[in-house]
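Engineer: The structure is given below, and queries will be raised subsequently.
The values are calculated or read from the model by the stated rules, or taken from the named source; none is laboratory data. None of these values were measured; they are calculated from a predicted model. Cβ placement follows ideal geometry from the backbone for every residue including glycine, while neighbour counts extend to all protein chains displayed.
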Amino acid sequence: MTQTPPYPESRGLLTGKTVLVTAAAGTGIGFATAKRCVEEGATIAIADKHERRLLDAAEQLGGVTAVPCDVTVESDVQAMFDGVIDKLGRLDVMINNAGLGGTVPLVDMTDEQWGAVLDVTLTGTFRCTRAALRYMIPQGSGVIVNNASVLGWRAQVGQAHYAAAKAGVMALTRCAAVEAAPSGIRVNAVAPSLAMHPFLNRAIDQETLEELVTREAFGRSAEPWEVANVIVFLASDYSTYMTGEVVSVSSQHP
């Protein structure tokens, strides 16, 4: 197993940019991304369905705008964007991180389980992407980064709903990118393999997580901030010729 590399120094990659991150409470990729954005000089707003955890996250980050939002509710999404634009004046970067997982064999999966994962993970990303584009197109600039998954390409037992949703996020990313390009807006996605955090075992059992780690070439899972680094790159001016791309953040072998 290789050692986790040192936490990176900030380089001011997002200085002067306003950023909105969904599902940013807790200890996962969303919070790590919000933290890296702050460190890279951005003015940020964070959103999450869980208000107490959201306020805790905002306190840890310091000086950020916190907006409760359930991405399955269109009125919540509209209120989130209206509030962020009113507070920050503009929106340069939208990071769609909200997702819902779970492990259920396909033969046992209910319509409700399927629908819940699709509604948060895919339709929630659609709602936020649509709302972001409605603000960004008139200003003639902007960046959207979606959180997909390697399961959009690869099969895993018990993950039919999640894999289908993440494959949909990939397709949504590509279609949104070609529609947004004439307005100077870029839309890309990251596809992490395994980024370990305390809430992950609510969706995947410990035995499966340990087995997935063995597939990683580095012999360890990613730190959430390692995925966040790639999101920051896609949000920054270092990726100005990239759109419609899905970047795998993985050391996983077949």
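Engineer: Are any residues in segment 214-233 crowded, with 17+ Cβ neighbours inside 10 Å and either touching an Asp or Glu at 6+ places or on another chain (Cβ under 8 Å) or at pLDDT below 85 (or both), and if so, which ones?
Structural biologist: GLU216, SER221, ALA222, VAL232
Engineer: Just to be sure I understand the filter: pairs with C-beta atoms under 8 Å, separated by 6 or more residues or on different chains, first member in segment 44-58 and more than 10 Å from PRO68 (Cβ to Cβ), second member of a type in the set (Asp, Glu). Which pairs pass?
Structural biologist: ALA57/ASP48
Engineer: Scan segment 91-106 and give yes if some residue there is surrounded by fewer than 20 Cβ atoms within 10 Å (Cβ to Cβ), of a type in the set (Ser, Thr, Tyr) and either at pLDDT 95 or above or within 13 Å of ALA23 (Cα to Cα) (or both), otherwise no.
Structural biologist: Within segment 91-106, none of the residues are surrounded by fewer than 20 Cβ atoms within 10 Å (Cβ to Cβ), of a type in the set (Ser, Thr, Tyr) and either at pLDDT 95 or above or within 13 Å of ALA23 (Cα to Cα) (or both).
Engineer: So, of the residues in segment 234-254 that are assigned to a loop (DSSP other than H, G, I, E, B) and under 20 Å from the mean Cα position of the chain (by Cα), which turns out to be modelled with the lowest pLDDT?
Structural biologist: Filtering first and then ranking leaves SER251.
Engineer: Further question on the same structure: Somewhere in segment 71-82, is a residue more than 18 Å from the chain's Cα centre (by Cα), closer than 23 Å to ALA195 by Cβ and at pLDDT 95 or above?
Structural biologist: Checked against the condition, which is being more than 18 Å from the chain's Cα centre (by Cα), closer than 23 Å to ALA195 by Cβ and at pLDDT 95 or above, segment 71-82 yields no hits at all.
Engineer: Select from segment 92-125 the residues that are under 27 Å from ASP237 (Cβ atoms), among the hydrophobic types (A, V, I, L, M, F, W, C) and either in contact with a Leu (Cβ under 6 Å, 6 or more places away or on another chain) or part of a strand (DSSP E or B) (or both) and list them in ascending order.
Structural biologist: Answer for segment 92-125, where residues must be under 27 Å from ASP237 (Cβ atoms), among the hydrophobic types (A, V, I, L, M, F, W, C) and either in contact with a Leu (Cβ under 6 Å, 6 or more places away or on another chain) or part of a strand (DSSP E or B) (or both): VAL93, MET94, ILE95.
Engineer: What are the residues in segment 23-46 that are surrounded by 24 or more Cβ atoms within 10 Å (Cβ to Cβ) and assigned to a loop (DSSP other than H, G, I, E, B), if any?
Structural biologist: Residues satisfying the conditions are ALA23, ALA24, ALA25, ALA42.
Engineer: Next question. When you look at LEU20, is it of a type outside the set (Gly, Ala, Ser), more than 15 Å from the chain's Cα centre (by Cα), within 26 Å of ARG134 (Cβ to Cβ) and surrounded by 22 or more Cβ atoms within 10 Å (Cβ to Cβ), yes or no?
Structural biologist: No; evaluated as a whole, the condition is false for this residue.
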